Amino acid sequence: MNFFFEVLIGGLLSGVMYALVAIGFVLIYKASGVFNFAQGAMVFFAALTCVGIIDKFGVTIWLAIPMTIVVMIALGLAIERVVLRPLVNQPEITLFMATIGLAFFIEGLAQLLWGSQVHKLDLPIEDVPIPYLLDNYNIIVSQFDVTAAAICALLVTALALLFSKTKVGRALRAVADDHQAALAVGIPLQQIWAVVWSVAGLVALVAGLLWGARNGVQFALTFIALKALPVLILGGFTSVPGAIVGGLIIGASEKLAEVYIGPMVGGGIEGWFPYVLALLFLLVRPEGLFGEKIIRRI
């Protein structure tokens, strides 16, 4: 039983980190109605920029992080000004294709600026078991996982409060409901998009630092965003709480499946099980747990 809880807790903690990546998608989707295919590239760009600043300028990580925040905000503002603003009122597929091209551009720009080699990222968080749980319950839970989950939880809470209790949040909800109606009542659509893309850049930075510290800062970080797809399908593309719940479900289920079902099918189930789970879920509730149900009349 201790081993079961050990696997479950580890999966839930990973799920919180998946949720953080998914929230970056949710923010853009709520503001523009388009799936931001470039979110994974932004995660990679943020992490590589941070370690690149450390290596090139010899600064500490505490100075590199604020410098990277400035870079990510500038990137978000540039994306809004150069890519999104000229495409206002264009079909959603046009915006989606623009984000695909943007993803390849950001990936190439990151490697052009900082190189393509794998970088090690050392955060001041030890990846060792928590002594209390190990000594009293014989359960191995990493201090890094708990700290990373706590950081993600704090950021998610701050974002939830920002978009539910502030004027910017109310404007975002209005823009998400109807772009034209929001413009008609005087809501500055371009400013809202600029804020949202800047916040998405900050979310990408936190996700990139945490996943980069765990797996190394490398091109594979771009694929972390793909793990957010089943999270979004389960939780709903427009819901921050849905991203959290979906992340917890995916994180826990993939770890449990790898341990208990993996040996029966030869292993490797962790890579594809979340997508199978999401596919099955689509058949039951396509809009997600927290998404708005769409009634289609034939």
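The values are calculated or read from the model by the stated rules, or taken from the named source; none is laboratory data. Not measured: the values here are computed from a predicted model. Using ideal geometry, Cβ is built from the backbone for each residue, glycine included, and neighbour counts are taken over all protein chains shown. Heavy atoms of the whole protein, side chains included, go into the accessibility calculation; ligands, DNA and RNA do not. Shrake-Rupley method; radii C 1.70, N 1.55, O 1.52, S 1.80 Å.
Here are the numbers:
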quantity	calculated
Anisotropy class of the range 133-282 from Cα gyration tensor, a/c 1.5 cut	prolate
Relative contact order (percent, whole number), the range 1-158, Cα cutoff 8 Å, 6+ residue spacing	35
The chain, relative contact order in percent, only Cα pairs under 8 angstrom and at least six apart counted	35
Within the accessible area of the chain (1.4 Å probe), percent carbon and sulfur	68
P(r) tail fraction, the range 1-123 - alpha-carbon pairs more than 18 Å apart, %	61
Highest to lowest packing among 276-284, 194-202, scored as the average C-beta count within 10 Å	194-202, 276-284
Selected from 34, 149, 181, residue furthest toward positive end of dipole (the chain; charges at beta carbon)	181
Rotationally averaged projected area of the range 52-170 (alpha carbon convex hull; nm²)	11.7
Relative compactness, the range 167-235, computed as alpha-carbon Rg over 2.2 N^0.38 Å	1.46
Space enclosed by the convex hull of the alpha-carbon atoms of the range 51-120, per residue, Å³	99
The chain - mean residue ellipticity at 222 nm from DSSP helices (-39,500 (n - 2.57) per run, n ≥ 4, rounded to 500)	-24000 deg cm²/dmol
Quotient of Cα Rg and 2.2 N^0.38 Å for the range 118-164, N being how many residues it contains	1.53
Cα-Cα pairs of the range 146-198 separated by more than 13 Å (percent)	62
Per residue accessible area in Å² of the chain, where ligands, DNA and RNA are left out and the probe is 1.4 Å	49
Protection proxy ranking, peptides 229-235, 104-110, average beta carbon neighbours within 10 Å, highest first	229-235, 104-110
Packing rank of 29-37, 247-255, 76-84, 165-173, where each peptide gets the mean count of other beta carbons within 10 Å, highest leading	247-255, 29-37, 76-84, 165-173
